[in-house]
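The values are calculated or read from the model by the stated rules, or taken from the named source; none is laboratory data. Since the model is a prediction, treat every value here as computed from it, not as a measurement. For neighbour counting, all protein chains shown are included, and Cβ atoms are generated from backbone atoms with ideal geometry for every residue, glycine included.
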Amino acid sequence: MNFQEPISGVLERIARALERLAPHPAARPDFSRAGAFLFHSDTGAFEPVPTVNCVPLPLLKGVDRNRDILFSNTERFARGLPANNALLWGARGMGKSSLVKAVHAAIHARHPALKLIEIHREDIAALPRVLAQARATPADRFLLFCDDLSFEAVDNSYKSLKAVLEGGIEGRPANVLLYATSNRRHLMPREMVENEASTAINPAEAVEEKVSLSDRFGLWIGFHNCSQDDYLAMVRGYADHYELKSADIDVDREALEWAATRGSRSGRVAWQFIQDLAGRLEKTL
């Protein structure tokens, strides 16, 4: 260090060095680039998704009532009308996340301002940053989508989500809805709730604190294990759509055998069978 250098010059050099080390703020996202985005909490960036991995809405069989409820809620929101946050909960593989993506795709075709933003469960704490960007873009409507949302005993991030959904001074922007999927109706394992009830000074208050998170979702849409008829309807719908036919293959019989080897019937199992069938018939999906 040059000890003859004025202190002001030293401070100026230190300030410039700190500026170079400081992270640059994320650029304002351009939501006109796509209809769907992935949010990255480490950089604050919204990555455009040119083609969303989803199936056409008419191909989702066995969930007609759930489809109609979510579609109506989403369409109202896209039109600027009041709508509810939605929690899609229940059996694995029954099309919860597929329904969210399919509904968005169907409505986005008519309302391009409706954007889908996927945020990972691990990034829930960064939701305020997402809301700030959405609030700054009032011309667009945003569906924040968190797939497979749940919380464990040592995880307190659910409190942040509660504040985002309904609390806080600013509240949730009018152009934002949150859609979440979970295998758990209350987003937390049963043993976690029971443990809170058994160890708390006031068990009722402890349980209420844990389960009240799911109450912040105005829509609870339940998915249950499908019947054999619903499962076969799913398989036939896919097979007809993709023209997977062969005189040598009994699709119903093979689909039931496929489900038996998996020990379950669901939309996911039906799709896995269709992928195998398409491969054997040398067809693309």
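Listed by first and then second residue, the pairs with beta-carbon distance under 9 Å, at least 6 apart or on different chains, first residue in region 128-146 and aromatic (Phe, Trp, Tyr), second in a loop (DSSP other than H, G, I, E, B), are 142/173; 142/175; 145/119. Tell me, please, whether a residue that is assigned to a helix (DSSP H, G or I), surrounded by 15 or more Cβ atoms within 10 Å (Cβ to Cβ) and modelled with pLDDT under 90 can be found in region 105-112. No, the conditions are met nowhere in region 105-112.
Condition check ((1) within 25 Å of residue 151 (Cβ to Cβ); (2) touching a helix residue (DSSP H, G or I) at 6+ places or on another chain (Cβ under 7 Å); (3) in the same structural domain as residue 41 (by TED's automatic domain parsing)) across all residues:
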site: 75; (1), (2), (3): no, yes, yes
site: 88; (1), (2), (3): yes, yes, yes
site: 108; (1), (2), (3): no, no, yes
site: 115; (1), (2), (3): no, yes, yes
site: 127; (1), (2), (3): yes, yes, yes
site: 132; (1), (2), (3): yes, no, yes
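Of the residues in region 121-148, how many are assigned to a helix (DSSP H, G or I), over 16 Å from the mean Cα position of the chain (by Cα) and over 15 Å from residue 45 (Cα atoms)? Break it down stepwise before answering.
In the first step, residues of region 121-148 are kept if they are assigned to a helix (DSSP H, G or I); the result is 121-135.
Of the ones still in play, those that are also over 16 Å from the mean Cα position of the chain (by Cα) are 128-129, 132-135.
Adding the requirement that they be over 15 Å from residue 45 (Cα atoms) leaves 135.
Residues flagged as assigned to a helix (DSSP H, G or I), over 16 Å from the mean Cα position of the chain (by Cα) and over 15 Å from residue 45 (Cα atoms) within region 121-148 amount to 1.
Would you say residue 102 is in contact with a helix residue (DSSP H, G or I) (Cβ under 9 Å, 6 or more places away or on another chain) and in contact (Cβ under 8 Å) with a residue 60 or more places away in the chain? Criteria not met by residue 102. Across region 246-283, the number of residues qualifying as outside any helix (DSSP H, G or I), more than 29 Å from the chain's Cα centre (by Cα) and free of Cβ contacts under 8 Å to residues at least 24 places away in the same chain comes to 4. Would you confirm whether or not region 10-22 contains a residue that is surrounded by 11 or more Cβ atoms within 10 Å (Cβ to Cβ), at pLDDT 70 or above and of a type outside the set (D, E, K, R)? No, region 10-22 contains no residue that is surrounded by 11 or more Cβ atoms within 10 Å (Cβ to Cβ), at pLDDT 70 or above and of a type outside the set (D, E, K, R).
Just to be sure, is residue 116 within 27 Å of residue 183 (Cα to Cα) and not aromatic (Phe, Trp, Tyr)?
Working: within 27 Å of residue 183 (Cα to Cα): yes; not aromatic (Phe, Trp, Tyr): yes.
Judged against the criteria, residue 116 is a match.
Note on region 26-73: residues that are of a type in the set (S, T, N, Q), under 20 Å from residue 230 (Cα atoms) and at pLDDT below 95 total 0. As a summary of the residue check, residue 77 satisfies the conditions (1) modelled with pLDDT of 95 or more; (2) assigned to a loop (DSSP other than H, G, I, E, B); (3) of a type in the set (A, V, I, L, M, F, W, C) except for the one numbered (2).
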